[in-house]
Amino acid sequence: MKKMMIVGLTLVAGLSLAACSSEQSSQNELEKIKEKGTIVVATSPDYAPFEFQTLVDGKNKIVGADILLAKKFADELGVKLEVSPMNFDNVLNSVQSGKADIAIAGLSYSEDRAKVFDFTNVYNSADNVLLVKSDTVNDYAKNADLASKKLAVQKGTIQEVYANENLTDSSVISLTVLGEAINELKNGKVDAILLDAAVAEGYAAQNPDLAVSTMTFEEAQNDGKVVAMPKDSPELKEALDKIIKEVVDAGAYDSYLEEVSKYTVVE
Ligand code: ARG
């Protein structure tokens with residue numbers, strides 16, 4: 001009798017727990033954002049022109065083409081935008097843990113990441129290049145030229161994964177903030193940085209002592225820049241993809257890139 005009661009109670013407890021959790025998860029990611037009235041966007045503002053800090057009226061402000069895209073999302077969904085800055089190696093974690101709703105951080109699509117996250121369709125291309133000192137730019141044409149060189153990559157990036165897998169003859173140095181890597185390159189502590197083309201070109205344009213090598217990384221190329229969401233967010237993905245389609249069809253992301261070129265980067 002006693003045993004039966006315990007079994008019965010456990011069953012009831014189990015059932016009500018199940019009811020509770022299904023009630024909590026009955027709201028999809030899109031509905032959650034709309035109900036909160038805010039979309040929290042994780043980013044790492046050390047990647048001009050995508051996201052970076054500038055000074056506006058003496059105060060640091062996060063700007064960039066990705067931030068304009070985030071604003072477009074917020075406007076179209078009818079919610080407020082909250083930009084949550086952090087180091088790049090925390091950006092995806094914060095989506096996974098639910099601290100942020102989405103991540104927009106110059107993120108490249110990768111199959112490994114797609115096992116853990118949902119991604120929108122591509123909103124911009126993503127090519128990897130090597131940034132070096134101008135006076136060494138002709139030394140780099142193929143992977144073998146990086147042998148025994150010190151190569152910096154940003155922690156948590158696909159460039160880090162690529163370098164660790166494919167450039168095993170180089171000494172790969174992972175740095176948390178991209179600005180650190182730039183400083184190390186400028187003062188000769190590293191020989192090269194592997195990073196996204198648009199970012200490298202920006203640094204080369206601003207710093208006569210830096211240049212982008214002609215070296216290409218075919219195997220490291222990927223399908224482009226995407227926005228990350230928690231796994232299994234079909235409604236959110238549909239809503240964001242619709243906005244991305246409008247943005248891409250209108251060439252608006254290119255206008256965003258153009259628009260933010262007026263800001264000076266502060267590290
Ligand atoms: N595209 C690379 C990746 O997805 C690097 C992105 C770095 N982004 C940044 N905001 N620092 O891994």
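Worth pointing out:
- In the stretch 195-267, the trypsin sites (Lys or Arg not before Pro) that fall in loop regions by DSSP, at most 15 other Cβ within 10 Å: LYS231, LYS262
- Set of aspartates and glutamates near LYS142 by C-alpha distance (under 15 Å), chain-local residues within fewer than 8 positions excluded: ASP169, ASP191, GLU218, GLU219
- Cα shape, the stretch 92-191, gyration tensor, a/c 1.5 rule: prolate
- The C-alpha atoms of the chain define a longest principal axis, and helix 2-24 lies at about 50 degrees to it.
- Here the stretch 120-267 exposes an accessible surface that is 48 percent carbon and sulfur, computed with a 1.4 Å probe and the other protein chains kept in place.
- Over the chain, DSSP H runs of length four or greater, each weighted -39,500 (n - 2.57), average out per residue to a 222 nm ellipticity of -12500 deg cm²/dmol.
- Whole-Hz ³J(HN,Hα) from phi, Karplus 6.51 cos²θ - 1.76 cosθ + 1.60, for the stretch 63-73, glycine and proline x: 10, x, 4, 5, 6, 5, 5, 4, 5, 4, 4
- Solvent exposure, largest accessible area first (probe 1.4 Å, DNA, RNA and ligands not counted), of VAL248, VAL227: VAL248, VAL227
- The loop-placed trypsin sites (Lys or Arg not before Pro) in the stretch 141-170, going by DSSP, that have at most 12 neighbouring Cβ atoms within 10 Å of their Cβ come out as LYS142.
- In this structure, the amide hydrogen of THR43, modeled 1.01 Å from its nitrogen in the peptide plane, lies closer than 5 angstrom to those of SER84, MET86, counting only residues at least 5 positions away or on a different chain.
- For the stretch 202-267, the per residue solvent-accessible surface stands at 55 Å², with DNA, RNA and ligands left out and a 1.4 Å probe.
- Only protein heavy atoms count here; on that basis, with a 1.4 Å probe, SER148 has an accessible area of about 110 Å².
- Accessible area per residue in Å² at 1.4 Å probe, computed on the stretch 41-124: 42
- ASP139 accessible area, 1.4 Å probe, all protein chains in place, Å² to nearest 10: 90
- Note that the stretch 84-94 has calculated 3J(HN,Hα) couplings of 10, x, 6, 5, 4, 6, 10, 4, 5, 4, 6 Hz, one per residue in order, obtained from phi through the Karplus relation 6.51 cos²θ - 1.76 cosθ + 1.60 (θ = phi - 60°); glycine and proline are x.
- Contact order for the stretch 136-267, expressed relative to its length and based on alpha carbon pairs under 8 Å spaced 6+ residues apart, stands at 23 percent.
- By average C-beta atoms within 10 angstrom, highest first, the peptides 89-98, 203-212: 89-98, 203-212
The values are calculated or read from the model by the stated rules, or taken from the named source; none is laboratory data. Source: prediction; values computed, not measured. Backbone-built Cβ (ideal geometry, glycine too); neighbour counts: all protein chains shown. Only protein heavy atoms, including side chains, enter the accessible area calculation; ligands, DNA and RNA are left aside. Shrake-Rupley method; radii C 1.70, N 1.55, O 1.52, S 1.80 Å.
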